[in-house]
Structure formats: structure tokens, C-alpha cells
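Presented below is the structure to which this report refers.
The values are calculated or read from the model by the stated rules, or taken from the named source; none is laboratory data. Only a predicted model underlies this, so the values are computations on that prediction, with no experimental measurement involved. Note: ideal-geometry Cβ built from the backbone for every residue, glycine included; neighbour counts use all protein chains shown.
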2 protein chains.
Amino acid sequence: MTHPLDLATQLTPRGDGLFEGRTSPDYWNMMGPFGGTTAATLLRAALEAPARLGDPVALTVNFCAPIAEGIFEIELIEARTNRSTQHWMIVMRQGEAIVATASAVFAARREGFEHQPATLPVLPPAESLKPMRTEGRNAWLQRYEFRFAEGEIRFEPKADGTPGSAYSSLYIRDLPERELDFIALAGLSDTFLVRIFQVLGTLLPAGTVSLTTYFHTDAAGLAAQGTKPLIGVADARVFRKGYFEQTAELWGMDGTLLATSVQTVYYKA
Amino acid sequence: MTHPLDLATQLTPRGDGLFEGRTSPDYWNMMGPFGGTTAATLLRAALEAPARLGDPVALTVNFCAPIAEGIFEIELIEARTNRSTQHWMIVMRQGEAIVATASAVFAARREGFEHQPATLPVLPPAESLKPMRTEGRNAWLQRYEFRFAEGEIRFEPKADGTPGSAYSSLYIRDLPERELDFIALAGLSDTFLVRIFQVLGTLLPAGTVSLTTYFHTDAAGLAAQGTKPLIGVADARVFRKGYFEQTAELWGMDGTLLATSVQTVYYKA
């Protein structure tokens, strides 16, 4: 059985660095595919390139326009390959129109000095936290298990009208369970619901315009995580003039910081 | 008198979205131009485009290869323009080779809900902190005034061999003084010396491969800062397998968070 994420990110090579894909109902969001799935799809084009060197280190995705249900085309451009690093530019089109752009840095990573000043967030045991109910909600939410320790979005504005905390911590995993790899991690890095919903306690027009994810280990480091859930935290530092910034960390259960991400999000409030 | 940053980032249009520039000795780093100046130059291509909409919200720069002294060419590609957002792809070449790529998101920003959960770092008064000595060092360091409150790089490993803190806080400004705008802020977002020097207390091979900066106000918000120094903080969460992640914040003296940035940095240790 192919995992729905692998189906959703599947690409058919069309030659000359072009690939064709199709949006998946399994990861549908309000107005288009879940952004994390789009990020994973763009990354996959580079991951599967015969000329690919090493593992992804950085991925930036710019969401240019809503992606319509149906076919899209990806153009993969090898901007530069050095001895141990490689730079890709990636463009997603529907018809003639660009709907997303991305850049990815790959590298052959080597053992050496290792240091993790960041500390693993402390959460109650996963079994003690109830999974968020996702039945009847946007399809992509049903492709993940969210066990919130703090900051589950409730769509209830605070009684005194002041902004709520932007912080969330949770256990998160793919549903059905899936071995961790860069495709899954790229998707997971965007599963932190937009902070403004939580801060204002209400649904309002908002959407990510740019997402940057850094990967902090190689393919073997991810494979070692298996299908265990990850620990995630998300926060936001500033909401101003229609855009806010959102940060996230994704940790392995063994205390390894696997990925960090930032995104800038449009909002109307 | 034209400010050296304006000279260093100066571009001559060559038609069809192409621009020619030249590296500046004023911002020379060890092996090429200071990355912040390259980021500012790439952003300037979009800022000066006749089709430009609004102000920059996000800028990602990928440093693909050392930039040699001399002429470079910039290609500016308008990926998508919507009603209130605009996406650019930017490529820098020397000869046929790509030396840097970038993406920039611009937006027409509007007043509305404003909220800044982040808190201004507390530093002693600027006048009480001595500027870092930059005479005889790489030219770009002499184009900035650094008044460190914490974490000035000393190139002295700790006696017990353990890693030092990656955190720094300082007052930072352009030298000569310059009114704040997006060009200056893009440069300032990369002035936080690579954290590994500080953590290991030694100089070693290291270089930024990708830098993402988010801008949290519009042109008027920056202009209001005038020539006052900014307050900057930088930190790092993880160093592993040849790459580390570095984060930074740039604050106005009035307590406004003006920019946040992340970068992933290659190191050999």
C-alpha cells in the first residue's frame, strides 16, 4: 500500500527537468492543497533528480497563488553544483501561471563537531494527551495525528479581548504512520496551524506566503526515527501590517532537533 | 556624498530584467563580498524594478559560490504579481556561472491588528559599551559599528574545552551613519558573525549557504528609525554534520521588532 503522502507528492518526469504532478484530495486544505504537501512535492523533484548530491539542508517555498485542483508542472533547475553542496531552483506552474517557487540547498554532510544548545521541550507523555478531533475537517488535518500539550486552537476569543498566546507544543505524526524521511519532514514543518487563529481565537483570512525549513540531520538520521511521533513547538514574534512571522521546531523523541522552520503569513484582521 | 553601501549595491540596468554591478572593496570579507551586501544588492534589483509592488516582506538568498572581485550580472524574474503581493526570483552570475540565487516576496502592507509577543532585549546604554575594534580587519567590519553587550567574539577557546554560548546582543549601525531602509536592513541582517567562531572560540572554515530575512514593517516604519543604531541579538540552536543554524532579531530603539532572520552555515570542525 502506497502511503497517501507518497501518492500526493508523486511526479512523472517529462524530460528537460520538467515533472508533472496532480493535487491530492487526501491533503486538501480550505482553498487548495496543504502547503506542507506542496513543499514536500517541490523538494521531491530535487530529491529524485539523478544529479542530486547529498541531503537537503535548506528549503524555501514561496506560495505565489492558490493551487487549483488538478495537474501542475514542476520545473527543476540545477543552479550550481559544487564539490559538497548543490543549489536548486524549482518552479511550479499551472498552465502558464507560476503558482509556487522554491529553492533548495543540498549537501554531503559529514560527521564532526556536534552541539545542540537548544533544549527539548518537556511535554506530558503522548498517551496522556488526546488526539485532536479532525473528523469532518479539512482533509489534510486527517493525515496527521496532533496531540497538543499546549496551544490547541479552540476558535474561542478570550473574554477580555486580549490576544492569546501564540505558543503551541504537541506530538505530531503522519497518519497512517510513515517512516520519517525528508518528504515527510518537509510536510510536517508546515503542520503548525497559523498562529493568528490561536492568538485571536477566530477563523479569518490568512495564508502562508513564504516558508523556510532547515534540516538538521541526514537521511540516516531521519530513518533512525522510524515511525515515532515528533515533538513540535510553534510560536510567533510579531504580527504587523498584514503579515506575521511564525517559527517552529521539530524534535525526535530521542531529543534530536531534526528541523527548524520559519514562515511569513498574510492575515486580514 | 554617496554612502558606500549605495555604491556597493549600485546596479546598471541592461534591459530584459538584467542588471550589472561590481563588487566593492569597502565591503570585502575574507574570500568575497560580505554576504549582507550581496543580499542587499539582490534585493535592490527588485526594489528598483518599475513593476515593483509595495515593500519587501521576505528575502531568501542562497550563496552558491564565492563571488570574485569584479563585475557580476543580476537577472530579475517577476514570477507572479497579485493584487497585493508580488514574487521575484533573482539570479546573480559571473560569466556563465551562477554565484547566488534569491527569492523575494513584496506586499502592499496595510494597517490592522498589531501584536508583538516578542520582548525587546535589555542592554546597557549604548554609550557605556565600547565599539568593537575593526581597524586592520576585513573591510566590511569597518562599515559597521558593533557595541556588544554580550557575546563579542574573542577567538579564545574556553579553558575547559566546552562550547561557549552562541548568544550575542549588541547595538549595531552602518558606518558612516545612514538612514534605515530595506537595503540597509538586508545588510544588517547578516552582520551577526557566524556563531561557530564564538562557540569554539577559534577561526575555522565556515560560510553562510542560505539566509532568510523577514521584514516586519514598511518603508515608512523604517524611515522613522532614522540613523539610530539598532539592537541586535543572535543565537544558534544546533550544530550538526557540517552545518549549523543561526537566528537573529533586529530591533529599533523604540522597541519595534524590525526584522528577523535565519541562516544555515557550513562549517568544518
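The residues of the range A:195-216 that are out of contact with any His (no Cβ under 7 Å at 6 or more places or on another chain), buried (at least 24 other Cβ atoms within 10 Å of the Cβ) and not charged (D, E, K, R), listed by number, are A:196, A:210, A:211, A:212, A:213, A:214, A:215, A:216.
The residues on offer are A:75, A:96, and the sole one that is acidic (Asp, Glu), touching a residue at least 12 places away in the same chain (Cβ under 8 Å) and within 21 Å of residue A:63 (Cβ to Cβ) is A:75.
Residue count for the range A:54-72 satisfying the condition of being more than 10 Å from chain B (Cβ to nearest Cβ), in a strand (DSSP E or B) and within 16 Å of residue A:23 (Cα to Cα): 2. For the range A:245-269, give me the residue count where each residue is more than 16 Å from the chain's Cα centre (by Cα), modelled with pLDDT of 95 or more and at the interface with another protein chain (Cβ under 8 Å from one of its Cβ atoms). Adding up the residues that qualify gives 3.
Quick grid of which residues meet (1) more than 14 Å from every other protein chain (Cβ to nearest Cβ); (2) among the acidic types (Asp, Glu); (3) loosely packed, with under 14 Cβ neighbours inside 10 Å; (4) without any contact (Cβ under 8 Å) to a residue 12 or more places away in the chain:
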position	(1), (2), (3), (4)
A:128	yes, no, yes, yes
A:132	yes, no, no, no
A:141	yes, no, no, yes
A:146	yes, no, no, no
A:157	no, no, no, no
A:173	yes, no, no, no
A:183	yes, no, no, no
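The residue that is surrounded by the most Cβ atoms within 10 Å (Cβ to Cβ), among those in the range A:1-18 that are hydrophobic (A, V, I, L, M, F, W, C) and either touching a residue at least 60 places away in the same chain (Cβ under 8 Å) or within 23 Å of residue A:107 (Cα to Cα) (or both), is A:5. Going by the structure shown, is residue A:160 in contact with a helix residue (DSSP H, G or I) (Cβ under 6 Å, 6 or more places away or on another chain) and charged (D, E, K, R)? No.
Pairing residues of the range A:194-206 that are charged (D, E, K, R) with residues that are outside any loop (DSSP other than H, G, I, E, B) and at pLDDT 95 or above, at Cβ distances under 7 Å and at least 6 apart in sequence or on separate chains, gives A:195/A:234; A:195/A:236; A:195/A:244; A:195/A:246.
Scanning the range A:219-237 for residues that are crowded, with 23+ Cβ neighbours inside 10 Å and either at the interface with another protein chain (Cβ under 9 Å from one of its Cβ atoms) or of a type outside the set (A, V, I, L, M) (or both) yields A:232, A:236. When residue A:105 is tested against (1) more than 24 Å from residue A:232 (Cα to Cα); (2) in a strand (DSSP E or B), exactly one condition is not met: (1).
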